[in-house]
Structures are given as structure tokens and as C-alpha cells.
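A short worksheet on the structure shown next.
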Amino acid sequence: MGAPTAAPVPDDDELAALERLCVEFAVTAGRFIRDERPDRLGVAQTKSTDTDVVTVMDRRSEDLLHGLILEARPDDGILGEEGADVTGTSGLTWVIDPIDGTVNYLYDIPAYAVSVAVVVGDPSREGTWKPVAGAISDPSLRLVHHAREGAGAWTRPEEVGEAAAQRRLAVSSEHRLGRSLLATGFGYASDVRARQAEVLTRVLPLVRDIRRIGSAALDLVRVADGSVDAYAESGINAWDLAAGWVIVQEAGGVVVGRDGGAPGKALTVAAGPALATQVAPLFTTERA
Ligand code: LIP
């Protein structure tokens with residue numbers, strides 16, 4: 001499984017350097033959104049619907065990441081949730097979500113993340129790209145999760161000095177659907193939510209239970225560390241998915257879309273291989 005790629009994957013030395021930069025940038029932006037969060041944080045703008053909100057910190061975090069990437073990697077491309085769209089010449093693109101779980105952040109619920117990944121191929125065209133390195137910072141827990149292709153997935157405290165406290169991630173070995181704890185999420189448009197609720201009505205009796213954490217990046221980290229058995233959602237974007245995809249894959253899981261294809265807006269499922277093939281068909285609807 002996995003997407004055909006355009007540019008060659010860099011060698012492991014370059015991948016290791018890219019992974020370190022992903023960690024550094026995700027932690028820097030994570031600290032910024034945690035420590036500089038205004039007490040009276042409001043909605044600066046709405047996007048696809050009235051409930052699809054942007055705060056001033058989403059923009060400031062993306063500007064911070066944009067500047068850090070351009071300075072360190074001027075030839076790479078950038079694709080960001082809040083509009084960053086730089087075409088590079090290196091064949092590599094940084095895919096960034098400055099605050100994943102923005103609604104949680106707005107309500108000061110400690111479940112939001114910064115997601116930073118490097119991909120080969122074109123992240124604006126589903127099925128033509130894949131991540132090769134990535135990091136997700138969880139500022140509330142002061143943790144950072146990261147991976148690069150072929151080198152495993154890891155979690156460690158955000159404090160550099162504590163790097164030794166690094167822990168290797170592995171997806172859960174649960175293969176029975178009825179015993180599986182499943183994370184999922186819902187879109188911002190009410191008609192989409194109505195369809196997702198129909199799917200959930202069908203799925204809920206078939207699994208152990210559902211968790212709605214509110215951040216695809218944190219859901220994917222939980223699949224990678226086995227604290228949920230699977231994640232499935234329709235409607236997420238490349239920036240919600242990119243870093244978590246390589247982290248799950250390097251933790252021994254699979255990340256797929258409809259009919260075993262590449263993950264994307266129609267469907268993203270992440271789990272151990274045995275469970276993924278059982279979960280994906282449940283979330284595949286004609287109208288998705
Ligand atoms: C969020 C995703 C989440 C989804 C939300 C939203 P955002 O991203 O991480 O999985 O259920 O609807 O899309 O908007 O906070 O970056």
C-alpha cells in the first residue's frame with residue numbers, strides 16, 4: 001500500500017537531518033502557541049463554515065513555521081493549512097498544520113498539536129505524495145513524536161536535554177474489531193456531519209468504543225503508541241495527515257484510504273494491518 005512518488009526519497013543522512021528539523025520546528029511552534037496563548041482568545045476568521053474557525057495564533061504559528069523553514073531549507077516547497085503555498089525546486093515539500101485541533105485550542109482544551117512533515121510528490125494531489133519525515137508536538141503534555149522513513153517512530157519530552165528519555169512507538173496488536181478502541185472525527189459542515197453520524201450509528205455496535213479527541217494528528221499518534229487501536233475519518237486534509245502518516249507507518253501500522261488506496265479526503269484509516277482491513281470498509285460509503 002502507499003502512494004506512487006515523484007521525486008526520489010533522500011538518503012538516510014538527509015532524512016535524519018530533515019527529521020531533526022521537523023522536531024525542532026514543531027517544538028518551537030508548540031511552545032509558542034502554549035506559552036503565548038492570549039487569555040481572551042477569540043475567533044479571527046471562519047473558513048468552510050461558521051464553525052471552521054481560525055484564531056490569530058493559527059496564523060502566527062504558521063508564519064513562525066514558514067520563516068523557520070525558508071531560512072533552513074530555501075529550496076523546498078511549503079503547504080500550510082492557513083494558506084502558505086510555496087513551490088520549491090528540491091522536490092521536497094513541507095506540509096504544516098500550525099494548530100491541529102483549533103477548536104480545542106479555542107476552548108482551552110489541552111488536546112491540540114503542531115504537525116510538521118516533509119513529503120515527496122505533490123501534496124495538493126491525492127495519491128501522488130507520501131511523507132518521508134515528520135514530527136507532531138503535543139504542547140500540553142510537553143511531548144514530541146517523530147519518525148523518518150526506515151528508522152522507527154519515537155516519542156520524547158520536548159526538552160532537548162531529556163532526549164535520552166526517548167521511547168519507541170508500536171501500534172497495538174489488537175485484531176478483533178469488537179475489542180477495538182476506535183478514534184474518529186467529524187467535519188465542519190452539518191450535512192457532512194449528518195452522513196458521518198449515520199456511519200457512526202452503524203460502527204458503534206461493532207467496536208469496543210469510540211474516542212473523539214478533536215485532532216487528527218493526536219489521533220494518529222495514539223494509533224502509533226497503541227493507546228487507541230484504530231483511527232478512521234473522512235474529510236481530513238494533507239496537513240492533518242502528513243506527519244502522523246509516517247509516524248504510524250514507522251510504528252508498524254498502515255495508513256490507507258478507500259479500497260486500500262492512498263489516504264486522503266475521501267477516507268483515512270490508520271491501524272495495525274489486520275484491523276485496518278476490517279475498519280476501512282465500515283467507513284466506505286457511496287456518498288463519501
Ligand atoms: C481538525 C482535525 C480533526 C477533525 C476536525 C478538524 P483542524 O483539524 O484534526 O480530525 O475532526 O474537524 O478538521 O481544523 O483543527 O486543523
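Observations on the structure shown:
- Fluctuation leader among K130, K47, K265 - the chain, Gaussian network, Cα springs under 10 angstrom: K47
- FRET efficiency, S173 to A7 (Cβ-Cβ, R0 51 Å, nearest 0.05): 0.90
- Whether the stretch 229-288 is rounded, prolate or oblate, judged on the alpha carbon gyration tensor where a/c under 1.5 counts as rounded: oblate
- From phi via Karplus (6.51, -1.76, 1.60), per-residue ³J(HN,Hα) for the stretch 112-118 in Hz, x at Gly/Pro: 9, 8, 10, 10, 10, 9, 10
- Relative contact order of the stretch 104-156, pairs being alpha-carbon contacts under 8 Å that are 6 or more residues apart, as %: 26 percent
- For the chain, size of Cβ-based charge dipole, Lys and Arg +1, Asp and Glu -1, in debye: 1020 debye
- Prolate/oblate/rounded call for the stretch 1-159, Cα gyration tensor, a/c under 1.5 rounded: prolate
- The H on the amide N of S180, modeled in the peptide plane, is under 5 Å from the matching H of R208, each at least 5 residues off or on a different chain.
- Debye, to nearest 20: dipole size of the stretch 1-67, +1 on Lys, Arg Cβ, -1 on Asp, Glu Cβ: 420 debye
- Ordering P38, T28, G67 by the projection of their Cα atoms onto the charge dipole of the stretch 6-67, which places +1 on the Cβ of Lys and Arg and -1 on the Cβ of Asp and Glu, puts P38 at the extreme positive end.
- Of the solvent-accessible surface of the chain, computed with a 1.4 Å probe over protein heavy atoms with every protein chain present, carbon and sulfur atoms account for 51 percent.
- Among L64, L79, L204: highest mean-square fluctuation, GNM of the chain, C-alpha pairs under 10 Å: L204
- Amide H contacts of V228: V223, each under 5 Å away and 5 or more positions distant or on a separate chain (H built 1.01 Å from N in the peptide plane; Pro and chain starts excluded).
- Using a cutoff of 8 angstrom between alpha carbon atoms and counting only pairs six or more residues apart, the relative contact order for the chain works out to 18 percent.
- Residue-averaged 222 nm ellipticity for the chain, from DSSP H runs of 4+ at -39500 (n - 2.57), nearest 500: -10500 deg cm²/dmol
- Shape category assigned to the stretch 153-288 from the gyration tensor of Cα positions, a/c cut at 1.5: prolate
- Whole-number percent relative contact order across the stretch 1-70, with pairs defined as alpha carbons under 8 Å at least 6 apart: 24 percent
- Distant-in-sequence amide H partners of D100 (H built 1.01 Å from N, under 5 Å): A113, V114, S115
- The chain: most fluctuating residue of V192, V248, V27 per GNM, C-alpha cutoff 10 Å: V192
- 9 Å beta-carbon shell around D100, net charge (K/R +1, D/E -1): -3
The values are calculated or read from the model by the stated rules, or taken from the named source; none is laboratory data. The structure displayed is predicted, hence computed values, not measured ones. Don't worry about glycine lacking a Cβ; one is built from the backbone with ideal geometry, like all the others, and counts go over all protein chains shown. For accessibility, only protein heavy atoms count, side chains too; no ligands or nucleic acids. Shrake-Rupley method; radii C 1.70, N 1.55, O 1.52, S 1.80 Å.
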